[in-house]
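The values are calculated or read from the model by the stated rules, or taken from the named source; none is laboratory data. These figures come from a predicted structure and were not determined experimentally. So basically every Cβ, Gly included, is an ideal-geometry build from the backbone, and we count neighbours across all protein chains shown.
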Amino acid sequence: MLPFKLVYHEGYDLNLGSHVFPSGKYRMIRDRLLADGFAEPADFVEPQPASDEDILLVHQRGWVTRLRNGTLDYMELMKLEIPYSREMVEAFWLAAGGTTLAARLALRDGIGFNIGGGFHHAFPGHGEGFCAVHDVAVAIRKLQREKLIERAMVIDCDVHDGNGTAAIFASDPSVFTFSIHQFHNYPSFKPPSDLDVNLEDGVGDEKYLELLGEACRKAFCEFSPQLLMYVAGADPYREDQLGGLALSIEGLMARDRLVFNCSREHHTPAVVTLAGGYAMRLEDTVTIHSNTAKAAAAVYWK
């Protein structure tokens with residue numbers, strides 16, 4: 001048995017068909033972890049979808065209603081960049097429920113792991129870049145509402161800037177936002193986080209890990225969170241179709257260990273969401289995400 005639970009639901013698949021975002025990866029990650037002998041069926045727990053009331057802690061009622069009713073206009077769909085379906089909407093509600101469950105488990109076990117989530121481009125009133133509902137923000141607001149936490153930190157290691165996260169928490173001193181991302185990449189407008197590391201194109205393992213380590217130390221020096229939300233995108237990988245960094249699979253696993261070790265060093269429960277990953281070979285994306293779970297076990301099984 002693992003020292004933490006893996007949160008997963010068959011409904012995480014956004015039903016995108018032939019799309020650069022391989023949302024069938026969630027099932028493949030689950031299957032890989034089982035096939036590798038890393039996890040057993042008992043290590044997985046299934047979330048309930050977030051309630052509309054939970055989603056409204058972050059998102060505007062009009063946006064939630066249009067998502068629910070399938071009445072998004074042309075420009076909203078263009079910004080979202082994924083086809084509309086009932087399965088897509090249900091998947092986002094499930095992701096938010098999954099990240100909230102992972103956050104509760106983190107407070108209990110020291111770490112919670114959602115095989116999904118990390119939809120960091122969602123804004124209160126619209127979606128962007130494959131992200132309709134900001135599951136990480138929903139989980140933070142839910143736990144704050146229940147007075148389980150007061151302060152949270154987001155460490156976002158997706159190749160793309162966490163613009164929705166920065167916008168949602170811009171005027172909130174209870175949430176510290178940190179994004180390390182390729183600067184010359186989506187999105188074009190990047191609202192400032194509390195801490196941004198803007199990377200030049202082609203940054204590889206050594207420089208990335210050096211800058212990430214420095215930034216993590218700075219973030220924890222400036223802020224004392226009661227919960228860490230780790231957005232562990234697979235897309236800094238050197239063969240990612242939507243990225244322009246040059247990290248290796250080994251470098252990405254070292255990145256994960258660095259974040260987890262920092263979390264443990266500061267006695268901060270950590271929540272993992274997987275975010276983006278668009279490798280030319282889908283099996284590479286699955287390997288990178290699976291390795292994040294293995295890095296967590298290596299650190300939290302000490």
State the number of residues belonging to region 242-277 that are of a type in the set (S, T, N, Q), surrounded by fewer than 24 Cβ atoms within 10 Å (Cβ to Cβ) and touching a Pro at 6+ places or on another chain (Cβ under 9 Å). 1
With (1) over 30 Å from residue 173 (Cα atoms); (2) without any contact (Cβ under 8 Å) to a residue 40 or more places away in the chain as the list, and residue 218 as the residue in question, which single condition is left unmet? (1)
Selection from region 162-213 of residues that are touching a Gly at 6+ places or on another chain (Cβ under 9 Å), part of a helix (DSSP H, G or I) and of a type outside the set (A, V, I, L, M): 163, 164, 205, 206, 208
Output the residue which, of all residues in region 59-111 that are surrounded by fewer than 21 Cβ atoms within 10 Å (Cβ to Cβ) and small (Gly, Ala, Ser), is nearest to residue 12 (Cα to Cα). 85
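Would you say residue 128 is of a type in the set (Asp, Glu), out of contact with any helix residue (DSSP H, G or I) (no Cβ under 6 Å at 6 or more places or on another chain) and in contact (Cβ under 8 Å) with a residue 12 or more places away in the chain?
no
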I'd like the residue in region 67-83 that is assigned to a helix (DSSP H, G or I) and closer than 16 Å to residue 130 by Cα and, out of all such residues, is farthest from the chain's Cα centre (by Cα). 74
Qualifying positions in region 41-58 - surrounded by fewer than 17 Cβ atoms within 10 Å (Cβ to Cβ) and touching a residue at least 12 places away in the same chain (Cβ under 8 Å): 42, 45, 46, 48, 52
Output the residue which, of all residues in region 278-302 that are in contact with a Pro (Cβ under 7 Å, 6 or more places away or on another chain) and modelled with pLDDT under 95, is surrounded by the most Cβ atoms within 10 Å (Cβ to Cβ). 300
Is it true that residue 165 is under 30 Å from residue 251 (Cα atoms), buried (at least 24 other Cβ atoms within 10 Å of the Cβ) and free of Cβ contacts under 8 Å to residues at least 40 places away in the same chain? no
Condition set surrounded by fewer than 16 Cβ atoms within 10 Å (Cβ to Cβ) and of a type in the set (A, V, I, L, M), scope region 1-40, selection farthest from residue 241 (Cα to Cα): answer is 1
Tally of residues being among the hydrophobic types (A, V, I, L, M, F, W, C), assigned to a loop (DSSP other than H, G, I, E, B) and in contact with a strand residue (DSSP E or B) (Cβ under 8 Å, 6 or more places away or on another chain) across region 84-127: 3
Which numbered condition in (1) surrounded by 15 or more Cβ atoms within 10 Å (Cβ to Cβ); (2) within 18 Å of residue 150 (Cα to Cα) is the only one that residue 171 fails? (1)
Hits in region 240-298 - residues which are assigned to a strand (DSSP E or B) and either of a type outside the set (A, V, I, L, M) or more than 22 Å from residue 135 (Cα to Cα) (or both): 240, 246, 247, 273, 279
Need pairs with beta-carbon distance below 8 Å; first residue charged (D, E, K, R) and within region 15-31, second in a helix (DSSP H, G or I); sequence gap 6+ or separate chains. 25/282; 25/285; 25/286; 25/289; 27/10; 27/12
Identify all residues within region 128-160 that are farther than 24 Å from residue 252 by Cα, part of a loop (DSSP other than H, G, I, E, B) and not small (Gly, Ala, Ser); write none if there are none. 133, 146, 147, 148, 149, 150, 151
Residue 237 being under 26 Å from residue 95 (Cα atoms), at pLDDT below 95 and either out of contact with any Phe, Trp or Tyr (no Cβ under 8 Å at 6 or more places or on another chain) or not acidic (Asp, Glu) (or both): no
